[in-house]
Amino acid sequence: MKVKVIAALSAFAALSLVINSAPSNAAPKESAPAMVGPGDRIHGADISRWQHPGGKPINFEKMHAAGLRFVMIKASDSRQDADRLAVKYVAADRSGAQDAGIYTGFYHYAVLPDVSSNSALIKDAKVQAQKAIWRLASMGGYNEMDLPYALDLENNCIRYRANKSCAKRATKSAVTIWAKAFLATLAEKTGRTPIFYSYPNFLEGAMARDKELAKYPLWLAQYAINPAIPTAQPGLKSAGCYVHSWTTSSCKSEWVVWQYTSCGIAPKYGVPGNRLDLNVFRGTQEAFLALASGTWVPAEMDLMPHNETSTMVIDYISATSTDKYVTFTLQVLRPDSSPVVTGDVKFVSGRNPIQLKFTQSIVRSTSGMWKVALKTDMAGVWNGELRFTDPSGTHADVSTRVSFTVTQGTAPTPAPSPKPEATPKPSTTDGCRNQIKN
């Protein structure tokens, strides 16, 4: 899925600006992007940390020489570990691509919250959109070679089992409400209409049809269709079409960008590794330039704060016996009582020599709210801390001391051994990716 340096409140943002930002007068090497891609379309790619194996850089000059004229860069993620990896490369990739005459855009990989009310869904979407806004602001906002930010929404699982299989999925209504709130927040702040990325099965099966969604340009992923055929397009089934918010009365999808493969030969385009997602733009050079028109220069208030005061609120504690989990639900809030945007929580035992006797599971329910589950085989009175830490330095670290008593429970019955192995299911992917964009 890339300037002018402005003063930053955040040391993190300032460092990103000084070291990584592209100059504001970066300009394309041609008056309009060449239509040299499959089917005589404008050709592009999307990249993330996976295109930097071992931290290797991308050769954008070679990418341009190979015919690519735009690249969408992963810039943010709902998950903190993945977000830290995204921010590691986004500014430098934007600068390198634009210097080579390649237009750039960004995308946010979304994980939906485990909440049910519409107000909670909208609240989480706005918090995640704030992360994207801060990320864009840290690079000086949009310039004349930026395509709009995209929302990458392709997974509706909101609760997982211990074996990583999905235990609960968001409803169609919930997915749709969340997506509209995220996109509207980003559009209102930046003055640019964001792009929506997904694939046909998800659009049809996981989202409701909605006229408001249809106003956002669609970036559609569908493989096994030859893009070199000028009339080829995604959104069709073997019989009929996928029906979703962007489906027309003639059974066609109103897509703007088409991700047609995840199997591009990466070295051909100056990218380390083996594979690369490739895309084509639907429309004329004028339509492409129109999509890239408009700039947004953030004000000081739009920059990510630095070490902003945080407050932890514990909503619930449950502790009984060693055969059950000790559970906490907690919130971490900003000074205006809105949820924190970045950071993670964990439990730290006050009895360090026995700390390894604890196992813990931490689940983000929604932005700024976590559920912590602890398990120990040792009964007794336990003291410790619930700690919130934010490696980005956006929000101040905060902790709350907790004390609870665990009684001795019933010893578990040993499981039979050996355990029968499950029969593996045949793969339904194209063999080139585990997830569409993760």
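A compact table of results
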| read-out | value |
| --- | --- |
| Qualifying residue in the stretch 53-63 (condition: assigned to a helix (DSSP H, G or I) and either at pLDDT below 95 or at positive phi (or both)) | yes |
| Tally, over the stretch 300-329, of residues that are surrounded by 13 or more Cβ atoms within 10 Å (Cβ to Cβ), of a type in the set (A, V, I, L, M, F, W, C) and not in a loop (DSSP other than H, G, I, E, B) | 6 |
| Qualifying positions in the stretch 139-189 - closer than 15 Å to residue 118 by Cβ, of a type in the set (Gly, Ala, Ser) and part of a loop (DSSP other than H, G, I, E, B) | 170 |
| Given (1) modelled with pLDDT of 90 or more; (2) loosely packed, with under 14 Cβ neighbours inside 10 Å, index of the condition residue 354 fails | (1) |
| Output for the stretch 162-179, where each listed residue is of a type outside the set (S, T, N, Q), surrounded by 18 or more Cβ atoms within 10 Å (Cβ to Cβ) and more than 30 Å from residue 359 (Cα to Cα) | 174, 175, 177, 178, 179 |
| Residue match in the stretch 70-78 (condition: open to solvent by 30 Å² or more (accessible area, probe 1.4 Å) and either modelled with pLDDT under 90 or of a type outside the set (Gly, Ala, Ser) (or both)) | no |
| Extreme residue, surrounded by the most Cβ atoms within 10 Å (Cβ to Cβ), among residues of the stretch 184-243 that are of a type in the set (D, E, K, R) and more than 21 Å from residue 287 (Cβ to Cβ) | 204 |
| Test: residue in the stretch 335-351 that is touching a Phe, Trp or Tyr at 6+ places or on another chain (Cβ under 8 Å), of a type in the set (D, E, K, R), modelled with pLDDT under 95 and farther than 20 Å from residue 392 by Cβ | yes |
| Extreme residue, nearest to residue 217 (Cα to Cα), among residues of the stretch 81-139 that are surrounded by fewer than 23 Cβ atoms within 10 Å (Cβ to Cβ) and of a type in the set (Asp, Glu) | 83 |
| Residues of the stretch 247-267 satisfying the condition of being modelled with pLDDT of 95 or more, under 24 Å from residue 285 (Cα atoms) and open to solvent by 30 Å² or more (accessible area, probe 1.4 Å) | 256 |
| Counted residues, the stretch 192-251 - those being in contact with a Gly (Cβ under 8 Å, 6 or more places away or on another chain) and not in a loop (DSSP other than H, G, I, E, B) | 5 |
| Single match in 345, 332 (criterion: under 28 Å from residue 406 (Cα atoms), open to solvent by less than 60 Å² (accessible area, probe 1.4 Å), part of a strand (DSSP E or B) and touching a His at 6+ places or on another chain (Cβ under 8 Å)) | 332 |
| Considering residues of the stretch 371-391 that are assigned to a loop (DSSP other than H, G, I, E, B) and among the aliphatic types (A, V, I, L, M) only, the residue most open to solvent (accessible area, probe 1.4 Å) | 378 |
| Scan of the stretch 100-130 for residues that are among the hydrophobic types (A, V, I, L, M, F, W, C), part of a helix (DSSP H, G or I) and touching a helix residue (DSSP H, G or I) at 6+ places or on another chain (Cβ under 7 Å), ordered by number | 121, 122, 125, 129 |
| Options 26, 97: the member that is closer than 22 Å to residue 285 by Cα, out of contact with any Gly (no Cβ under 7 Å at 6 or more places or on another chain) and at pLDDT 95 or above | 97 |
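The values are calculated or read from the model by the stated rules, or taken from the named source; none is laboratory data. Note that the structure is a prediction, hence the values are computed from the model and not measured. Note that each Cβ is placed from the backbone with ideal geometry, even for glycine, and that neighbours are counted across all protein chains shown. Heads up: the accessible areas ignore ligands, DNA and RNA and are worked out on the full protein's heavy atoms, side chains in. Shrake-Rupley method; radii C 1.70, N 1.55, O 1.52, S 1.80 Å.
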